[in-house]
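Undergrad: Below you will find the structure I want to go over with you.
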Amino acid sequence: MTSRKKKKAVCPPIGALMRYRDRIVRVVAEASGQRAVIESIDVDGRSFRSVVKWANLAALNDQLF
């Protein structure tokens, strides 16, 4: 029987561009409980901040759009 090791969650670097769901976001700060503060732009062009779990952030692929 083989055991699977969980990948330890690591906070992304501040200022990094990442993918969250269908949006490209910028990491603004680290929050408590393995969460990060992200900043993104809504459909009206206004920027807003929200707190998300590190596990829900993904690195960008080779192509931005």
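Undergrad: So what is Rg over Rh here for region 17-59, counting just Cα atoms and using Kirkwood for Rh? Walk me through the intermediate numbers first.
TA: On the way: Rg = 9.9 Å, Rh = 10.4 Å.
On the Cα set of region 17-59, Rg over Rh gives 0.95.
Undergrad: Now a separate question. For the pair residue 48/residue 32, report the inter-label distance in nm, with labels modelled 7 Å from Cα in the Cβ direction.
TA: 2.5
Undergrad: 5 Å is the cut-off here: which amide hydrogens, built 1.01 Å from N in the peptide plane, fall below it relative to residue 30, excluding neighbours closer than 5 in sequence?
TA: 37
Undergrad: Which residues' amide hydrogens lie under 5 Å from the amide hydrogen of residue 16, considering only partners 5 or more residues apart or on another chain, with H built in the peptide plane?
TA: Answer set, sorted by chain and number: 27.
Undergrad: Towards the positive end of the charge dipole of region 17-59, with charges on Cβ (+1 Lys, Arg; -1 Asp, Glu), say which of 58, 29, 40 has the farthest Cα.
TA: Projecting each Cα onto the dipole axis, the largest value belongs to 58.
Undergrad: Right, something else. Give, as a single signed number, the net charge of other residues whose beta carbon lies under 11 Å from the beta carbon of residue 47, with Lys and Arg counted +1 and Asp and Glu -1. Don't skip to the answer; put the middle values down first.
TA: On the way: positive: 26, 46, 49; negative: 39, 42, 44.
In short, 0.
All of the numbers you see were taken from the coordinates with simple rules; none came from a lab. Everything numeric in this text was worked out from a predicted model, so none of it was measured. We place every Cβ from the backbone using ideal geometry, glycine too, and count neighbours over all the protein chains shown.
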